[in-house]
Amino acid sequence: MDILYDAAQAYSRLIGTKYSIVLGYKQRAINLILNFYKDNFYHLAGLHNFKDIDALSARPEAVYKKILSKNITYNDILKSGHFDEKYKIRILDLIELEKYLDKGTDFFGWDKRNAIQAKISTRIKADYLLKNNSLQIGYKNHFVFFAIQVGRDNECMVVPVDMPTDSVSPASLFSDQKDYSQCQKRYTLLCKEKIINADKTTEERNVLYIADSYKSMHEAAATKQ
């Protein structure tokens, strides 16, 4: 079984899908538009750690395509002197990414300074964090980090003009015994919508979660119109 190929296949099903995630904090709301790009896969799978594998030195999107065509396999990265069991777990986590995103409700801001306060040493560059410990894979705590994408589109979404919007994409994911959400700003999930075939005539929208307070607010607004 080639779990690297399985991860690439699972990720390919997210290309063209977007999530609209409305988060609340102290009476303010922000809308995250989660996008998926082919070149994100390289880092999500942890392939940047295997610098001694020549086949992985190509552009991230090119490497992703070679994995899908089975020209790069899991056996190739096993040859790396840097390989560790944690990278296998990371790839298994990546296979489950869509489940994490569909089911996850615990969102946090991400500030590396707060991680230091929690005695967690990390180089992760991100802006938001999703914690999920409902799936029994790897370690107890599963994390997906999101980074704001500057210059990449989110025009499929229409949001209230007074609600700040950040276009984000997955920056990292893994499971760990440590709790990376410690000391981080916790958001309240107000609404999560999954948009399949975004920007196409076959676009399909599914509300995965909506808080009663947020639903009531929108119903009241619709009544006034």
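All of the numbers you see were taken from the coordinates with simple rules; none came from a lab. The shown structure was predicted, so the numbers you read here are calculated from the model rather than taken from an experiment. All Cβ positions, even for glycine, are placed from backbone atoms using ideal geometry, and neighbour counts span all protein chains on display.
Relative to the Cα centre, the charge distribution of segment 3-224, modelled as +1 at Lys and Arg Cβ and -1 at Asp and Glu Cβ, gives a dipole magnitude of about 460 debye. Relative protection proxy for 78-88, 23-33, from highest mean packing down: 23-33, 78-88 (other beta-carbon atoms within 10 angstrom).
Within the shell of other residues whose beta carbon sits under 13 angstrom from the beta carbon of ASP106, the net charge comes to +4, with Lys and Arg scored +1 and Asp and Glu -1.
Helix 85-95 axis versus longest C-alpha principal axis of the chain: approximately 40°, rounded to the nearest ten. Pair-distance distribution P(r) for the chain, from all Cα-Cα distances in 5 Å bins starting at 0: 1, 6, 13, 18, 19, 16, 12, 7, 4, 2, 1, 0, 0 percent.
The simple spin-label model puts a point 7 Å past each Cα toward its Cβ; for GLU204 and ALA10 those points are separated by 2.0 nm. Taking the longest Cα principal axis of the chain as reference, the axis of helix 3-12 is set at about 30 degrees. Pairs with C-alpha atoms separated by more than 30 Å, drawn from the list LYS178/LYS200; LYS66/LYS185; LYS66/LYS194; LYS103/LYS178; LYS26/LYS200, are LYS178/LYS200; LYS66/LYS185; LYS26/LYS200. Helix 212-224 versus the longest principal axis of the chain: what angle, 0 to 90°, nearest 10, using Cα atoms? That works out to roughly 50 degrees.
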